[in-house]
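Notes follow the structure.
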């Protein structure tokens, strides 16, 4: 057995055991396509019930780490690589499809607020620092690929520049809606990137146990040159993304954010 021995004396047992199995898979202890211990083998090794072992396997299947193959048992799933460039704007929906992945979007929150209620940082990012109060659309979305949650998005959009923006509009590609419904083309984005620990609510949305690390991409998007249209905070799963940078000479740098199969660190 490639899984280490470990005692599980505190609740919830299935989440702790799932975490241990997840770590073993992400470290590469199990190769893609390799047979994973069965429900019975997990139950015997860790002295847990078959029901608990079943929950562990079901959790890892839901996370896309394992897959059930008829006649072959439970196998470690090959995790495809999705590249998301940071040196150019792109739609998550279109890019995921181009990589053969099925994108999906869950709209968690969609509401209108007044700019006066926003934090100074968000107001400044929207170009509204010191300006009169303006209506803002706030949305929170979870972006998924092949059913796996990858990005948690918090976005504030200036209603005056995209009047009539609806919840249905943001249920898929936001860039496409801006172009087709509002005739708006993004002219640039400006972001900062940092590593953060997810709070409990965000970790739950990703289906991760605490503590969990994410890459925070935060900044504004512009139209008509330097007119801010939105401000956003994007949380990329730290266990699935890595920031790659390639520099050539003194003036050229290619930066990319990659979704990969290797265990990621921060």
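Contact order for region 13-76, expressed relative to its length and based on alpha carbon pairs under 8 Å spaced 6+ residues apart, stands at 41 percent.
Put a dot 7 Å past the Cα of residue 159, heading toward its Cβ, do the same for residue 97, and the two dots end up 3.1 nm apart.
With the cut-off at under 19 Å, measuring from each backbone N in region 48-64 to a point 7 Å along the Cα-to-Cβ line of residue 146 picks out 57-64.
Projected onto their three principal axes, the Cα atoms of region 13-76 cover extents of 26, 26, 20 Å, largest first.
Which FRET efficiency, nearest 0.05, do residue 67 and residue 227 yield, Cβ-Cβ r, R0 45 Å? For residue 67 and residue 227, the calculated efficiency is 0.45. The slack between residue 131 and residue 107, meaning 0.36 nm per residue of separation minus the straight C-alpha distance, is 5.7 nm. Here the residues 109, 187, ranked from fewest to most Cβ neighbours within 10 Å of their Cβ, fall in the order 109, 187.
No lab work stands behind these numbers, since they all come straight from the coordinates. On a predicted model such as this, the values are computed, not experimentally measured, just so you know. Note: ideal-geometry Cβ built from the backbone for every residue, glycine included; neighbour counts use all protein chains shown.
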